[in-house]
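Asker: One structure, as structure tokens, below. Some questions next.
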Amino acid sequence: MAMSLKAEKRPDLRGSVTRKIRKQGYVPAVVYGNKTKSQPISVEAVDFLKTVREVGRNGLISLEVEKGTKHQVMVHDLQMDPLKGDYLHIDFFEVDMSSEIEANVPVRLTGEARGVSEGGVLSQLMYEITVRSLPADIPEEITLDVSSLAIGDSIQIRDVRGNVPVQVVNEDEETVVTVQPPATEKEEETEAAVTDSEPEVINEKEESAEEAKEE
């Protein structure tokens, strides 16, 4: 069930008014959809924070604009101040509950990889996975247990697909997380490769010099 959030119409779009709205504890926003005309609104920052914590980043919200029409929406875009962490603007997208949509779902890793205790480095390459489903079926997060990963092991989308109850859009070959060898081993391998290649270069130069003398 969608959680309710109240909103107010925002007819004046001047920058000075927008700044005033933020100072009063509200967040400028807009609600729109395929069948919904874009409408500027504002919501209380505290209420919005509570709502997102309750339903999740991809959760459904019942947005009521000044005791009028209720819109079943999802947060499509959220702008935040990188320094203060304050909300700057929210895009609410009204969804059709009977039509599938695509959404990016956060990836959460659990457990401690076996390869890490062996000296490896856990590297998460994907922090979100794109899924396609009905709005009500979009998972809040996708949890992956990395406990069994040894050095050199990885989890790819093909390994995740069967454990997610909705359609995963990403390609099978995409790597979500991997355990890389220790940095020292990589450096030793690189140095060894460079050392092995140097004699070949020197020999090539010597052969070229001998050929020039013969000519």
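Asker: Can you give the accessible area of residue 87 in Å² (nearest 10), computed on protein heavy atoms with a 1.4 Å probe?
Answerer: Result for residue 87: roughly 40 Å² accessible.
Asker: So, one more: At 7 Å along Cα-to-Cβ for each site, give me the label-to-label distance between residue 62 and residue 112 in nm.
Answerer: 4.5 nm
Asker: Continuing with this model, one more query. Report ³J(HN,Hα) in whole Hz for each residue of region 113-121, in order, from the Karplus equation J = 6.51 cos²θ - 1.76 cosθ + 1.60 where θ = phi - 60°; Gly and Pro get x.
Answerer: My calculation for region 113-121 gives 4, 4, x, 5, 5, 8, x, x, 10 Hz in order.
Asker: Continuing with the same structure: Quick one: which residues, 5+ away or cross-chain, put their amide H under 5 Å from the amide H of residue 80? H built at 1.01 Å from N.
Answerer: Counting only residues 5 or more places away or on other chains, the set is 88.
Asker: Hey, what do the phi angles of region 65-82 turn into as Karplus ³J(HN,Hα) couplings, whole Hz, using 6.51/-1.76/1.60 and θ = phi - 60°, x for Gly and Pro?
Answerer: 9, 6, 6, x, 5, 8, 10, 7, 10, 10, 6, 8, 8, 9, 9, 10, 6, x
Asker: Another one. Rounded to whole Hz and in sequence order, give me ³J(HN,Hα) for region 40-45 from the Karplus expression 6.51 cos²θ - 1.76 cosθ + 1.60, θ = phi - 60°, writing x for Gly and Pro.
Answerer: Coupling constants for region 40-45: x, 9, 8, 10, 5, 4 Hz.
Asker: Continuing with this model, one more query. Kindly state, to the nearest 0.05, the FRET efficiency for residue 153 paired with residue 104, given R0 = 35 Å and r defined as their beta-carbon distance.
Answerer: The computed FRET efficiency comes out at 0.90.
Asker: Mind checking region 49-108 for GluC sites (Glu not before Pro) that DSSP puts in a loop (not H, G, I, E or B) and that have at most 12 other Cβ atoms within 10 Å?
Answerer: Numbers: sites: 54, 64, 66, 94, 100, 102; in loops: 66, 100.
Sites meeting the loop and neighbour criteria: 66.
Asker: Expected output is a single nm value to one decimal: the length gained when fully extending between residue 47 and residue 80, i.e. 0.36 nm times separation in residues minus the C-alpha distance. What is it? Intermediate values should be presented prior to the final figure.
Answerer: Numbers: separation 33, 0.36 × 33 = 11.88 nm, distance 1.59 nm.
Separation in residues times 0.36 nm, less the Cα-Cα distance, equals 10.3 nm.
Asker: Name the long-range amide H neighbours of residue 144: under 5 Å, sequence gap of 5 or more, or other chain; modelled H, no Pro or chain starts.
Answerer: 108, 109, 110
Asker: What is the list of residues in region 148-175 whose amide nitrogen lies under 19 Å from a point 7 angstrom out from the Cα of residue 183, following Cα to Cβ?
Answerer: Correct set: 151-152.
Asker: Could you look at region 30-139 and say what percent of its accessible area is carbon and sulfur, using a 1.4 Å probe and all protein chains? Before the final figure, lay out each step's value.
Answerer: Numbers: 2950 of 6160 Å².
With neighbouring chains kept in place, the figure for region 30-139 is 48 percent.
The values are calculated or read from the model by the stated rules, or taken from the named source; none is laboratory data. Just so you know, these numbers come straight off a predicted model, no measurement behind them. Note that we place each Cβ from the backbone using ideal geometry, even for glycine, and neighbour counts take in every protein chain shown. For accessibility, only protein heavy atoms count, side chains too; no ligands or nucleic acids. Shrake-Rupley method; radii C 1.70, N 1.55, O 1.52, S 1.80 Å.
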